[in-house]
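The values are calculated or read from the model by the stated rules, or taken from the named source; none is laboratory data. The structure displayed is predicted, hence computed values, not measured ones. Because the Cβ atoms are built from the backbone with ideal geometry, glycine has one as well, and the counts that use them run over all protein chains shown. With ligands, DNA and RNA removed, areas are computed over all heavy atoms of the protein, side chains included. Shrake-Rupley method; radii C 1.70, N 1.55, O 1.52, S 1.80 Å.
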Amino acid sequence: MTGRIAHLSDLHFGRDRPELVAPLIDVLNGADLDLVVVSGDLTQRARRAQFRSARAFLDQLEPPVLAVPGNHDTPLDNLAVRLLKPWSRFRRYVSRDLEPVHQGEGYVVAGMNTADPHAWQRGRIREASLLKAGRRLDDARKAGDFGVIAMHHPPEHGPDVEKRPMRGAETGLRTLADRGADIVLCGHLHTWRAAPLAASAGLLLVQAGTGLSTRIRGEPNDFNVLTLGPPRAVIERYGARAEDDRYSVLSRTVFEKREGRWSTCR
């Protein structure tokens, strides 16, 4: 059994590149996908018009969509909404469920909301979210399927990242690994990465940059396509070409999980 998942992040409607929207829709609809995962920051400032643009984009995608909030998806400039109803606009325009789940062929994806309305940038892993995700991964573990977690904030940063890691990350990683998680999909930093986590070689971190935003970090706008057939995960990174704004494959990496550890395959 194999499944194909597209992983997008940090679309940032309101500070997006409109010329990339149609090419991104076209490549996703033509990629024979089972699911599209969006790991947060669908909007730039969580304004209604930005959420409407995000909703219009999602409505044009043919595969089902699983989306979780990012720190930009609750208003920075509307304190009342941010403190009293931080997820009201996300629930209205994107998904009422902030931590959705999807069962696919050979995998289960469990969403986790790591955005914190009381902290602008820094995320956190909540104990309730860990318990919920663990229950949802139980069946995947028993069936030998991959357990996939979708969250906005990376649970681990590389040495060149100055931002503080999210609260609860160390405990959260141990819990997720124990409960059957194999892969973590995330974004937030607008840079790409695919590698086993240093803190847990049993968890594969797959980090997308930004699919549409103008706020790039010296890398092209990109997204990932994962082909999952336990024990292997093939990660294809797609990037927007400067010459014609079309997305094409930039790299392809094959990972394999044996005896609880991920490694690359030649």
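Structure notes:
- For the stretch 206-220, the tally of residues that are on the phi < 0 side of the Ramachandran plot and surrounded by fewer than 22 Cβ atoms within 10 Å (Cβ to Cβ) stands at 6.
- Residues (touching a residue at least 40 places away in the same chain (Cβ under 8 Å), closer than 18 Å to P230 by Cα and part of a strand (DSSP E or B)) located in the stretch 151-199: I183, L185, A194, P196
- The stretch 231-259, residues that are open to solvent by 50 Å² or more (accessible area, probe 1.4 Å), under 19 Å from L204 (Cα atoms) and out of contact with any Pro (no Cβ under 7 Å at 6 or more places or on another chain): R232, R252, E259
- In summary, N78 fulfils each of the numbered conditions (1) open to solvent by 10 Å² or more (accessible area, probe 1.4 Å); (2) in contact with a strand residue (DSSP E or B) (Cβ under 9 Å, 6 or more places away or on another chain); (3) farther than 23 Å from A110 by Cβ with the single exception of condition (2).
- Qualifying residues in the stretch 122-131 (those that are among the aliphatic types (A, V, I, L, M) and open to solvent by 40 Å² or more (accessible area, probe 1.4 Å)) - the one farthest from A201 (Cα to Cα): A128
- Positions within the stretch 44-75 being under 13 Å from H12 (Cα atoms), surrounded by fewer than 16 Cβ atoms within 10 Å (Cβ to Cβ) and of a type in the set (A, V, I, L, M, F, W, C), in sequence order: A49
- A count restricted to the stretch 151-205 and to residues that are of a type in the set (V, I, T), out of contact with any strand residue (DSSP E or B) (no Cβ under 8 Å at 6 or more places or on another chain) and open to solvent by less than 10 Å² (accessible area, probe 1.4 Å) stands at 0.
- Residue in the stretch 4-17 that is of a type outside the set (D, E, K, R) and part of a helix (DSSP H, G or I) present: no
- Checking every residue in the stretch 132-147 against the condition of being under 20 Å from P69 (Cβ atoms), surrounded by fewer than 21 Cβ atoms within 10 Å (Cβ to Cβ) and without any contact (Cβ under 8 Å) to a residue 40 or more places away in the chain gives at least one match.
- The criterion of being among the polar types (S, T, N, Q) and part of a loop (DSSP other than H, G, I, E, B) does not hold for S53.
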